[in-house]
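> Below is the structure I would like to discuss, written out as C-alpha cells.
The values are calculated or read from the model by the stated rules, or taken from the named source; none is laboratory data. Only a predicted model underlies this, so the values are computations on that prediction, with no experimental measurement involved. Ligands, DNA and RNA are stripped out before the accessible areas are found, and what is left, the full protein with its side chains, is counted by its heavy atoms. Shrake-Rupley method; radii C 1.70, N 1.55, O 1.52, S 1.80 Å.
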Amino acid sequence: MFKSLVSVVTVLAFACCSLLQPVQAAMLETEVLASERLREQSSAQIQQWLARAEVQAQLTAWGVSAEQAEARVAALSEEERLQLAQVIEQEPAAGDVVGIVGVVFIVLMILELVGVTNIFTSF
C-alpha cells in the first residue's frame, strides 16, 4: 500500500511539474519604458483636455459629441496622439481652446477622409 501511495504521489508531482511553463526574463530597454510612460502621459493629458467644459461646448457646437471625440482619439495612432498632446501642451493654460479644438477637428476630418472612422457621414 505504501509503494502504491508513493507512486501515485510521484506521478502527481511529475504531472504538476509538466504543467509549469518556463519563465522568460529579459532586460527592459530605457526607450521602451520611456515610450510607455510618454504614451500614458499623453493619453491622460488628452483625456483631461477633452473633459474640459469649454472643449466639450466647442465640440457640441461643431456637432461632435464627447463620446465621438473620445472614440476618435482612441483611434489615433501613437504618433498622432503624441502630436495632439504636444499641441495641447504648447497652448497656454487659459489659452486658445478654439485653436486646440480646431486641431482635433482637423485630425478627426483626416481620419474621416481616410476611412478610419465614420462619424461625420452619419449626419
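> Residues of the range 25-90: accessible area per residue at 1.4 Å, in Å²?
Heavy-atom accessible area per residue stands at 66 Å².
> Apply the Karplus curve 6.51 cos²θ - 1.76 cosθ + 1.60, θ = phi - 60°, to the phi angles in the range 76-88 and return the couplings in whole Hz, x for Gly and Pro.
Karplus-based 3J(HN,Hα) across the range 76-88 equals 5, 6, 4, 5, 5, 5, 5, 4, 5, 5, 5, 5, 5 Hz.
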